[in-house]
Amino acid sequence: MVSYKELGFKNTIKMFEIALKEKFAIPGYNINNLEQLQAIINGCGETDSPVIIQISKGARDYANQTMLRYLGQGGVEMANDLGYNIPISLHLDHGDSYDLCKSCIDYGFSSVMFDGSHLDYEENVKITKNVVKYAHKKDVSVEAELGVLAGIEEHVKSEEHKYTDPEKVEEFVKRTQCDSLAIAIGTSHGAYKFKVEKEEDIPELRFDILKEVKKRLGDFPIVLHGSSSVLQNYVKIINKYGGSLKKAFGIPESQLRKATEYGVSKINIDTDGRLVFTAMIRKFLTENPEVFDPRKYLGLARQELTEMIKRKNEEVLNSAGKASLIV
Ligand code: G3H
Ligand code: 13P
Ligand code: ZN
């Protein structure tokens, strides 16, 4: 058992307090490997942005929970070595049980999500509440979810959005005492968020629901999952160099900016980073067939991801320059 405090991670309480005050969103970036972590630390360090490093079930299956915790810890030390004074939270993304949340808390995570969105309401309340009870004893923050995102939400498939019911949020937060709430307003996971032919046909998020939720919860941290924009320049590179991504569209960055202005405090981005990596590696290996040193193409992908993160922090989330207000 280890406390996240000894490892140098921060919980999300102060991050959200300042995010709400200054109207920006904390980035939730996912990691599965070393290069993604380095890109996150460099990208957030160079832009002086707070960051929530997310570990999903898929990541744990791929890279091992212990390895990822140590990677996160290495990230904190790397940031210190480089003189980046940014708050870093290590977060369990889409925890699906009390036991998993507990094991991550005991293992040094500073924040966990219990995703009971697919459960019936009372069951979601019950488990979230238990997770909160355990987490708060150790100052760990808890993200909960109400409403179901369409698409695949960690082994839960839903054909349609079940938008968050604003009438339920107040009671849910009050009963569970969660620290932040993920809501469903039309975002979804992955690279195929909309069944449209072209970018111009992407519908607006349900900002009416967001406004209603904000009206009821006031200054309470709201989270958006599934918020990659599926950046078309990388989709094009992937397709040009042998890939086949058809009609892959995400949430336009203009809408994410709007969500941030309306008071969303955390925005989760994973797919965009995956697209950057795949685009860079496909292009590099096609153009340099003689190269077989992974550092060459992974290094290039890492650099491009760093640039993407810097741009997201600066132009979309408005989190750049805010770390110094928190630490
Ligand atoms: O919320 C979903 C994240 O993008 C993680 O997905 O389980 O494939 O790592 P994953
Ligand atoms: P994207 O698939 O849109 O990047 O969403 C990631 C996410 O919500 C992680 O929890
Ligand atoms: Zn998610």
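The values are calculated or read from the model by the stated rules, or taken from the named source; none is laboratory data. Source: prediction; values computed, not measured. Here the Cβ is made from the backbone with ideal geometry for all residues, glycine too, and neighbour counts use every protein chain on show. Accessible surface areas use protein heavy atoms only, side chains included; no ligands, DNA or RNA. Shrake-Rupley method; radii C 1.70, N 1.55, O 1.52, S 1.80 Å.
Among the residues making up region 255-280, those that are open to solvent by less than 40 Å² (accessible area, probe 1.4 Å) and more than 16 Å from ligand 2 (Cβ to nearest atom) are Gly263, Met280.
Conditions tested, residue by residue: (1) within 27 Å of Phe24 (Cα to Cα); (2) open to solvent by 10 Å² or more (accessible area, probe 1.4 Å); (3) more than 14 Å from ligand 2 (Cβ to nearest atom).
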position	(1), (2), (3)
Ile53	yes, no, no
Gly58	no, yes, no
Gln65	no, yes, yes
Pro87	yes, no, yes
Leu92	yes, no, no
Lys102	no, yes, yes
Tyr107	no, yes, yes
Glu123	no, yes, yes
Asn130	no, yes, yes
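With respect to Lys23, determine if the residue is more than 14 Å from the chain's Cα centre (by Cα), within 13 Å of Ser319 (Cα to Cα) and surrounded by fewer than 24 Cβ atoms within 10 Å (Cβ to Cβ). Here the answer is yes, as Lys23 does meet what is asked. Screening Ser244, Ser229 for residues that are under 27 Å from Asn313 (Cβ atoms) and among the polar types (S, T, N, Q) leaves exactly one candidate, Ser229. For beta carbons closer than 8 Å, sequence separation of 6+ or different chains, a first residue in region 183-209 that is within 17 Å of His225 (Cα to Cα) and open to solvent by 90 Å² or more (accessible area, probe 1.4 Å) and a second that is assigned to a loop (DSSP other than H, G, I, E, B) and aromatic (Phe, Trp, Tyr), the qualifying pairs are Tyr192/Phe249.
Against the criterion of being away from ligand 2 (no atom under 16 Å from the Cβ), without any contact (Cβ under 8 Å) to a residue 12 or more places away in the chain and either open to solvent by less than 40 Å² (accessible area, probe 1.4 Å) or in contact with a Pro (Cβ under 9 Å, 6 or more places away or on another chain) (or both), Glu17 qualifies. There is at least one residue in region 198-214 that is more than 16 Å from ligand 1 (Cβ to nearest atom), of a type in the set (Phe, Trp, Tyr) and not in a loop (DSSP other than H, G, I, E, B). Scanning region 187-197 for residues that are within 16 Å of ligand 1 (Cβ to nearest atom) and either at negative phi or in contact with a Pro (Cβ under 8 Å, 6 or more places away or on another chain) (or both) gives Thr187, Ser188, His189, Ala191, Tyr192, Lys193.
Scanning region 303-319 for residues that are closer than 11 Å to Phe24 by Cβ, open to solvent by 30 Å² or more (accessible area, probe 1.4 Å) and not charged (D, E, K, R) yields one hit, Asn318.
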